[in-house]
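Down below is the structure, laid out as structure tokens.
Throughout, read-outs are computed from the coordinates displayed, never taken from laboratory work. Because the structure is a prediction, the values reported are computed rather than measured. Note that each Cβ is placed from the backbone with ideal geometry, even for glycine, and that neighbours are counted across all protein chains shown.
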């Protein structure tokens, strides 16, 4: 152990930040609603920036409202950065995003308190509008931070409530003068709750995240003929729902054939006219397929499209498909992932390599610097819900691993080792 | 041919009745909206009753508003009755119900004009609220007519718009003093458009309807777990939509194994939370299965329930089912069906025996007297829509068959032949 973090201080900060925009879940769970660039987001930002300033960090706010705090350091070297986001969805929990920011702050405070001499500084940041719940796309702040979208274009994005992003940013006082794209870190590490059930189910304390799955969302529209369910013989039907059932079963078979980490989901279904005694003329449904390997994902997309057309033909239907979203998989830096793994083991914590099924700011930072993520278990895999929960022990263990990974990375020279 | 009907007079009456509550379809088709016991229904009734009175028929209005017109006849024998309904759904066509009533009237006028001497009188009736679109259940007037529901209970039924049936009946002036249950006919024959695609597709002019399918409607509720579509491995899901797809495919297999006239339809589907990136926690969907044989229908219901439970178990779901509707099949009188068949053949019209997939007043009359139905083709199987269409030739051919079947039945003595 290179530095010992103060677990109780971490937990107190998580609690205090969660009181801003506090909401209560169905069973009394305490969550938060801090949609990006609302007054609640401003209050959350003000609190975290106060903590950054109290530590004497050099705080930069950039043109899209990303906040980066760097430990003062004489070297001028690029920092090892931690970070995540503090905006939430409308029914947010206490940990999603917040943990990564407050853990980074805790690591810096512990290192400074211990007077540890570092080759390069540490930094912690939080990025604007990671959730995308108010302004699409998600991970917007980190996208702009790494130069993936011009600042002016981002400022012009309209919210679901009609507001312009740039106006809202000025209104809450968080359009700063820092550069976009921003400072390129030496390395970036994001601690985050898993938001899925795997670690808990397997009894593993730490996930060494190898990358983010590629995501493919397709809407399938099938159009047949609406007919009386009593008077129309089966042979004379063009039943769009029957075709959807066939497609659903074949999708499950394809996903099973490919095997983990392939996932496939039909989550949204609209049926017309949606009456008990009428053969459905039209169904629209979404297919969500994800894989960590772009080649595999493309092959699955191709197979799914082929079976959609084949089944629609067999049922005598017209078919159209629309791509709703498509993100290529992101691979994190295997060397940084190995450091996460080794550090967890050194602490006697069970660890497993795993992909992230959800998107994170780290996938944007991975475009510009060696990056990895650390996952801690989510009870029942629940997230985006006040019932989101990770035990105190797991929050503290994850933060301790983050601390030692960051310290290790300050001494790591990728050019030497690669 | 025993009597020659006046096809043009029939068509003129269909046209004139259709002007009451006239509506226009998506492509300019002329339909009608005469919901039961509305002002439009009253105007339609007034017109048909005027035609009945003009012919000198003895018109009886009963306590539920059924109107029965009997040809004056010295014998006092029970009449051979035709009939159907003149109420429509909100988006009704010109033929559904109206054809059977106006064809019966045409037969009586032609027979009277020809001065044919009959052993027993003819009659034509129209029954209140066949559609059930305003007051549930459907076929209400004919149900009360045959003693299947006490009059007082029927008068207390509330409309979808909140009105009480008895009040609405008085308001339009159609609560009469005729008895309920009403006069039992010697035999009953209903001419009706098919409302399905079979006759047109097979190029057959006349359907000799053997009975009405039994109907079983079930709602299936599957409850699993809502999970993130990216972070939840397939093996850890309890996906209610995936189970529905399996059930839909198995239902189609069972229906195919049983073969015609078995039909099965999943027409209504509700998904929760219905989001592209969330594994559905809950689906509710309806299963509509119909068969003409009660034993077969029960066996299909049992098989469907078994596979629903088996598939729900396999997916780790809770399952509940509700019976939304259940009607036993009705078999028409085979001797009367044979007379329909023979009469069509005698006119050189192609004919086929077939069940009705939809409910009709005739199935209520079948409880008290020998009954059958005659179907004429529906173009594209469309009904309950202004685009509902049957060619003039088919309307006239069907009415001519009705005429000769009715005359044949006046001489028919079921006791002698059975």
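With the cut-off at 45 Å, report for the protein assembly as shown the share of all Cα pairs above it, as a whole percent.
45
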- Could you work out which residue, out of B:216, B:27, B:75, moves most in a Gaussian network model of chain B, that is, has the largest mean-square fluctuation with Cα springs under 10 Å? B:27
- Got the residue B:309 label distances to the other copies yet, label 7 Å along Cα→Cβ, in nm, shortest first? 4.4
- Query: What is the distance, in nm, between label points placed 7 Å from the Cα along the Cα-to-Cβ direction at residue A:298 and at residue B:22?
  - Reply: 6.2
- Query: Ordered by packing density, taken as the mean number of other Cβ atoms within 10 Å over each peptide's residues, highest first, how do B:310-317, B:38-45 rank?
  - Reply: B:38-45, B:310-317
- Task: Take the Cα of residue A:116, step 7 Å along the line toward its Cβ, and report every residue of the range A:337-355 whose backbone nitrogen sits under 19 Å from that point.
- Result: A:337-349
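Using alpha carbons only, what's the Rg to Rh ratio of chain B with Rh from Kirkwood?
On the Cα set of chain B, Rg over Rh gives 1.03.
Give me A:288, A:361 sorted ascending by neighbouring Cβ count inside 10 Å, so fewest comes first. Mind showing how you got there, number by number?
Numbers: A:288 23, A:361 31.
Ordered by Cβ neighbours within 10 Å, fewest first: A:288, A:361.
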- How far is helix B:7-18 tilted off the main Cα axis of chain B, in degrees rounded to 10, range 0 to 90? 50
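Please give the length that would be gained between residue A:324 and residue A:6 if that part of the chain were fully extended, namely 0.36 nm times their separation in residues minus their C-alpha to C-alpha distance (nm, one decimal).
Numbers: separation 318, 0.36 × 318 = 114.48 nm, distance 4.42 nm.
Separation in residues times 0.36 nm, less the Cα-Cα distance, equals 110.1 nm.
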- Message: Tell me the angle of helix A:39-54 to the major Cα principal axis of chain A, expressed in degrees between 0 and 90 and rounded to the nearest ten.
- Response: 30
- Which percent, nearest 5, of DSSP beta bridges in the protein assembly as shown are antiparallel? 70
- Task: Over all alpha-carbon pairs of the range B:16-147, lay out the pair-distance distribution in 10 Å bins, whole %, shortest bin first.
- Result: 13, 43, 30, 12, 2, 0
- Message: Let me check I have the definition right: for the range A:214-327, take the eigenvalues of the Cα gyration tensor, multiply each by 5, take square roots. What are those semi-axes in whole Å, largest first?
- Response: 28, 13, 11
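When Cβ neighbours within 10 Å are restricted to other protein chains, what is their mean count per residue of peptide B:258-265?
Working: counts 1, 1, 3, 3, 2, 9, 4, 16.
If you average over the peptide's residues, the count of other-chain Cβ atoms is 5.
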- Query: Where the label is 7 Å out from Cα toward Cβ, how close does residue A:161 come to the same position in every other copy, in nm, shortest first?
  - Reply: 4.2
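So how do A:144-152, B:183-191 stack up, highest first, on mean other-Cβ count within 10 Å?
Details: A:144-152: 18.6, B:183-191: 25.8.
Packing proxy ranking, top to bottom: B:183-191, A:144-152.
Estimate the FRET efficiency between residue A:334 and residue A:379 by the formula 1/(1 + (r/R0)^6), using the beta-carbon distance for r and 30 Å for R0, to the nearest 0.05. Don't jump to the answer; show the numbers that get you there.
Numbers: r = 30 Å, r/R0 = 0.98.
That pair, residue A:334 with residue A:379, gives E of 0.50.
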- Note on the structure: Inter-copy distances for residue A:275, label 7 Å out on the Cα-Cβ vector, sorted ascending, nm, one decimal, are 3.3
- Query: Any idea what the relative contact order of chain B is, in percent, if you count C-alpha pairs under 8 Å spaced at least 6 apart?
  - Reply: 23
- Note on the structure: Asserting the computed 222 nm helical MRE of chain A (DSSP H runs at least 4 long, -39500 (n - 2.57) per run, divided by residue count, to nearest 500) equals -11000 deg cm²/dmol
- Reduced Cα scattering model of the range A:1-58, Debye log10 I(q)/I(0), q = 0.14, 0.17, 0.18, 0.28 Å⁻¹: -0.50, -0.69, -0.75, -1.14
- Query: Relative to the longest principal axis of chain B, what angle (0 to 90°, nearest 10) does the C-alpha long axis of helix B:240-258 take?
  - Reply: 50
- Using alpha-carbon positions, the gyration tensor of the range A:280-418 gives root eigenvalues a ≥ b ≥ c; with a/c under 1.5 called rounded, otherwise prolate if a/b exceeds b/c, else oblate, the class is prolate
- Distance in nm between pseudo-label sites at residue B:353 and residue A:202 (7 Å out along the Cβ direction from Cα): 6.5
- Query: Hey, got the average number of other protein chain Cβ atoms within 10 angstrom for residues in A:243-252?
  - Reply: 5
